[in-house]
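Since the structure comes first, as structure tokens, the remarks are kept for the end.
The values are calculated or read from the model by the stated rules, or taken from the named source; none is laboratory data. Values in this document were obtained by computation on a predicted structure and should not be read as measured data. Here the Cβ positions follow ideal geometry from the backbone for every residue, glycine too, while neighbour counts run over all protein chains shown.
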Amino acid sequence: MHSFRSSIRCAVEWFLMPELPEVETIVRGLRPLLTGRRILDAELPSANANGAGSSILRRILRDPEWKNPVDFVDAIRGSSISAVRRHGKHLVFDLHPPNGKGSTRSLLVHLGMTGRLTCEETPEPRSAHTHLILSLDRPGRWLHYTDIRRFGRLQLLDATGDPLGSLGPDPLEVAFPEFVRLLGVRRAMLKSLLLDQRFLRGLGNIYADESLFRARLHPAALAARLNRQQARRLYDAIRETLTLAIAAGGSSIANYVDGLGNTGYFQHEHQVYQRTGDPCFRCGSRIRKMIIASRSTHFCPNCQRSGRSVRRTEPTVRKGVA
């Protein structure tokens with residue numbers, strides 16, 4: 001069980017972005033509710049409250065083509081949602097035009113730090129932080145997008161547009177030989193590399209730390225120096241960690257809820273993340289924190305010796321000693 005001190009740390013680090021397991025959980029919850037549904041109407045409350053040229057709208061609708069809320073709404077009104085899927089940390093709604101006329105488009109949603117995408121039984125309640133409401137043809141079904149900090153993004157793309165093409169492969173889909181090849185050409189530290197969406201798409205701070213712990217690899221180890229056995233441990237650890245997190249509904253540390261408003265519970269299974277100073281569940285050593293790629297990195301100095309590039313003298317605590 002986390003200590004009171006750990007709980008305080010969790011409350012303070014409210015700025016975490018949803019990662020692959022959280023987005024996948026949202027997609028799996030929304031897919032059966034939205035697939036095949038037609039968008040009867042769309043509303044951008046921020047635009048209605050603040051005017052078409054509002055700074056709020058400019059921050060949320062990132063594509064200059066859709067800065068005008070009327071154009072954005074007209075482009076999706078009447079469309080049918082043919083698929084709900086995930087691409088890295090992004091939710092993607094594939095839209096077919098009404099009566100098959102017009103261009104096939106995709107609505108891309110990135111939740112940013114505090115974004116929520118939930119299916120509701122009413123268009124209310126709404127607040128100053130409700131930025132998109134989709135009215136669907138199923139009775140009693142509205143999709144709400146809210147974002148307090150407004151670091152999220154709504155983007156409407158033509159079928160030919162692919163602004164995410166620079167992202168790396170999905171960690172749950174990439175084959176091991178390709179994973180090894182990608183590791184071998186990168187000299188970055190492992191933690192920094194796992195955060196790089198051009199290497200693998202969807203990983204973030206939580207699951208990078210947890211995966212490295214499961215793989216018994218030091219976060220400062222250089223990727224290109226891993227042998228095949230270490231690479232295999234990392235590959236398996238990433239997939240296992242993500243699979244378990246998805247099964248648990250993700251990690252609800254701050255603002256995250258799924259598409260039905262439910263919280264996840266994988267945060268109760270964290271081995272190192274945000275447990276600085278607490279004993280390692282495996283060996284009893286105190287969990288350490290260091291900064292890599294400007295991000296807090298949590299690790300066990302005893303369990304994660306393997307692969308580290310610089311030998312350090314780090315005191316440990318015997319199992320059972322606080």
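A few remarks follow.
- Given (1) within 21 Å of Arg305 (Cβ to Cβ); (2) crowded, with 19+ Cβ neighbours inside 10 Å, number of the condition Arg228 does not satisfy: (2)
- Qualifying residue in the stretch 294-301 (condition: at pLDDT 95 or above, in contact with a Phe, Trp or Tyr (Cβ under 9 Å, 6 or more places away or on another chain) and farther than 30 Å from Gly115 by Cβ): yes
- Count - residues of the stretch 33-47 that are touching a helix residue (DSSP H, G or I) at 6+ places or on another chain (Cβ under 9 Å) and in a helix (DSSP H, G or I): 2
- Whether a residue is touching a Lys or Arg at 6+ places or on another chain (Cβ under 7 Å) and part of a loop (DSSP other than H, G, I, E, B) was assessed, and Arg150 passes this test.
- Looking only at residues in the stretch 75-105 that are among the hydroxyl-bearing types (Ser, Thr, Tyr) and either outside the structural domain of Phe151 (by TED's automatic domain parsing) or out of contact with any helix residue (DSSP H, G or I) (no Cβ under 8 Å at 6 or more places or on another chain) (or both), the one that is nearest to Tyr145 (Cα to Cα) is Ser82.
- Of all the criteria given as (1) buried (at least 21 other Cβ atoms within 10 Å of the Cβ); (2) over 23 Å from Ser251 (Cα atoms); (3) aromatic (Phe, Trp, Tyr), the one not satisfied by Tyr145 is (2).
- For the stretch 75-99, the candidate set comprises residues that are assigned to a loop (DSSP other than H, G, I, E, B) and within 16 Å of Asp41 (Cα to Cα); within that set, the residue that is modelled with the lowest pLDDT is Pro97.
- Selected residue (criterion: modelled with the lowest pLDDT) from residues of the stretch 61-74 that are assigned to a helix (DSSP H, G or I) and in contact with a helix residue (DSSP H, G or I) (Cβ under 7 Å, 6 or more places away or on another chain): Trp66
- Residue, surrounded by the fewest Cβ atoms within 10 Å (Cβ to Cβ), within the stretch 1-27, restricted to residues that are at pLDDT below 85, in a helix (DSSP H, G or I) and of a type outside the set (D, E, K, R): Phe4
- Residue satisfying condition, being modelled with pLDDT under 95 and either among the hydrophobic types (A, V, I, L, M, F, W, C) or more than 30 Å from Leu33 (Cα to Cα) (or both), within set Ala248, Ala237: Ala248
- Consider the stretch 202-220 and keep the residues that are modelled with pLDDT of 95 or more and touching a strand residue (DSSP E or B) at 6+ places or on another chain (Cβ under 7 Å). The one that is nearest to Gly29 (Cα to Cα) is Asp209.
- When Leu30, Leu57 are screened for being aliphatic (A, V, I, L, M), modelled with pLDDT under 80 and part of a helix (DSSP H, G or I), only Leu57 passes.
To keep it simple, each residue is scored yes or no on (1) assigned by TED's automatic domain parsing to the domain that holds Tyr235; (2) surrounded by fewer than 17 Cβ atoms within 10 Å (Cβ to Cβ).
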{"site": "Leu107", "(1), (2)": "no, no"}
{"site": "Leu111", "(1), (2)": "no, no"}
{"site": "Cys119", "(1), (2)": "no, no"}
{"site": "Phe151", "(1), (2)": "no, yes"}
{"site": "Arg201", "(1), (2)": "yes, no"}
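- In the stretch 124-146, residue farthest from the chain's Cα centre (by Cα) [restricted to those that are closer than 21 Å to Pro32 by Cβ and without any contact (Cβ under 8 Å) to a residue 60 or more places away in the chain]: Pro139
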